[in-house]
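Peer 1: Take this structure, written in structure tokens, and hold onto it; I'll ask about it next.
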């Protein structure tokens, strides 16, 4: 358990109290306690007494202690009994917080999405103080969209389900080998449905085991060669499991990995040789003989091609362009993660806990880059706190002789185009990341002026998540990416591939263009907890999709080479 989970609990209790209509003082007590924990720079394990924090009294401290010890909260469970369950999903509707929902519940007897829709359609909501006709119309529109599944879902939603299925398959009897296939194997940003290839000599046994998986909402097909189901997850997700003999596994995997254009080009290549590729193998058209392979590597080698990584199988041009000498970045090339957050701002773990996690990953270095002072909601660091944090980092560096912690900051580029700190502070930092977190609706011209300010600063080393997009949730701000790449090259500033699956920013096609123009890149997780450090795998896969080479990525450099890059403008 970490501090973020406790903060979330306290905020949840406050929301439930608000929905119930509890007095403002009680609600405020839980919100203040959440704020006190958020602002404290220690991790959960380092806080000896919660009542020692201003804003946490004996009552809220007891709630925290119970949750840490038992994993549940009596206060929250009692509140859940008193608040209609149907009110909770209403919090997902834009513009509706606890206070407004409480008013709808108390004055219009709204208890769920259906009764809210009826109240809106009858014009009752607009009559309440604090609402109005426009609010009512927005609520109705949001209700209509609520719960509808987009045709394609972000990797961030699909990957946890994929990994859960893979864990199930790993323990399943009768399976020789298995692999994900389709667009999720190619690491497309969005995925329609899921495909898995399974080799087995006992298809009936495997079929029955697949049909016994939890979360199956509907069975579409259940034969000995294919099992198709709909799994109930965040959304309903279609999953196909194809059961094949082991000798056909590589070509079946190749076939169902795609892409369509890649497979078309491979079939053309085979046809020129008098052969035909199918999921079962490679057939000699004249003799009818079918050749099978032990692996995809052997399959590609048969056509005198390098092994084409799944992430790169897209428009078919890779079949003709790639050579056996080509080498692209791999996870093993990453020597450090230089964008992450600690409890000093809005991270869940202390600097030392983040350090130990990075050392366990085999990294040589890392950078702590907490938020800057403008982001008050993220407990951003004032200049005084930066210097205090740097003292902690200095002490930790003395503890390790095989690892280095760089003292950095993720500095906001402010709406007026200025930077959040002056040069005096920035020149003290080992590494400076600049990013936009505000005023996304500004025009392209204004956004580009803000980015230019950062790019032209001698102290800014990296532009983080350069477009600000959240896949499937928002498009980001209006960036001229071509100009951004040009300016990054001119100023020798690195552009980030933010490995968070919700972001993957820059996108793979922009990464490719940046590399072609000689721009330096960096792959970071932007981790706010220990688990998010694992996102480096997704980041590297996205870089491979953009044909990125090790030499283009600054956090593949040994420490001294990285330091030389960071000091390039001194």
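The values are calculated or read from the model by the stated rules, or taken from the named source; none is laboratory data. Just so it is clear, the model here is predicted, and its values are computed rather than measured. Virtual Cβ from ideal backbone geometry, glycine too; neighbours counted across all protein chains shown.
Peer 1: Look through 269, 253 and report the one residue that is at pLDDT 95 or above, part of a helix (DSSP H, G or I) and surrounded by fewer than 20 Cβ atoms within 10 Å (Cβ to Cβ).
Peer 2: 269
Quick grid of which residues meet (1) over 29 Å from residue 512 (Cα atoms); (2) not in a loop (DSSP other than H, G, I, E, B); (3) not assigned by TED's automatic domain parsing to the domain that holds residue 42:
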{"position": "308", "(1), (2), (3)": "no, no, yes"}
{"position": "346", "(1), (2), (3)": "yes, no, yes"}
{"position": "359", "(1), (2), (3)": "yes, yes, yes"}
{"position": "362", "(1), (2), (3)": "no, no, yes"}
{"position": "377", "(1), (2), (3)": "yes, yes, yes"}
{"position": "388", "(1), (2), (3)": "yes, yes, yes"}
{"position": "396", "(1), (2), (3)": "yes, yes, yes"}
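Peer 1: Let me ask you something else. What number of residues in region 112-125 are buried (at least 16 other Cβ atoms within 10 Å of the Cβ) and either farther than 14 Å from residue 90 by Cβ or in contact with a strand residue (DSSP E or B) (Cβ under 8 Å, 6 or more places away or on another chain) (or both)?
Peer 2: 1
Peer 1: Hey, another quick one. Looking only at region 399-425, count every residue that is in a loop (DSSP other than H, G, I, E, B) and out of contact with any strand residue (DSSP E or B) (no Cβ under 9 Å at 6 or more places or on another chain) and tell me the total.
Peer 2: 9
Peer 1: Restricting to region 298-317, count the residues that are without any contact (Cβ under 8 Å) to a residue 12 or more places away in the chain and either surrounded by 13 or more Cβ atoms within 10 Å (Cβ to Cβ) or in contact with a helix residue (DSSP H, G or I) (Cβ under 6 Å, 6 or more places away or on another chain) (or both).
Peer 2: Qualifying residue count for the region: 3.
Peer 1: If I filter region 36-48 down to residues being part of a helix (DSSP H, G or I) and at pLDDT 85 or above, which single residue comes out as nearest to the chain's Cα centre (by Cα)?
Peer 2: 37
Peer 1: Additional query: Right, residue 408: in the same structural domain as residue 352 (by TED's automatic domain parsing) and within 20 Å of residue 376 (Cα to Cα) or not?
Peer 2: yes
Peer 1: Another question, then. Of the residues 8, 81, 99, only one is surrounded by fewer than 18 Cβ atoms within 10 Å (Cβ to Cβ), at negative phi, outside the structural domain of residue 344 (by TED's automatic domain parsing) and more than 32 Å from the chain's Cα centre (by Cα); which?
Peer 2: 81
Peer 1: Of all residues being in contact (Cβ under 8 Å) with a residue 40 or more places away in the chain and under 17 Å from residue 230 (Cα atoms) in region 152-180, which is surrounded by the most Cβ atoms within 10 Å (Cβ to Cβ)? Just the residue, please.
Peer 2: Among residues in region 152-180 that are in contact (Cβ under 8 Å) with a residue 40 or more places away in the chain and under 17 Å from residue 230 (Cα atoms), the one surrounded by the most Cβ atoms within 10 Å (Cβ to Cβ) is 158.
Peer 1: Mind counting the residues in region 547-562 that are without any contact (Cβ under 8 Å) to a residue 12 or more places away in the chain and either in the same structural domain as residue 309 (by TED's automatic domain parsing) or under 25 Å from the mean Cα position of the chain (by Cα) (or both)?
Peer 2: Qualifying residue count for the region: 1.
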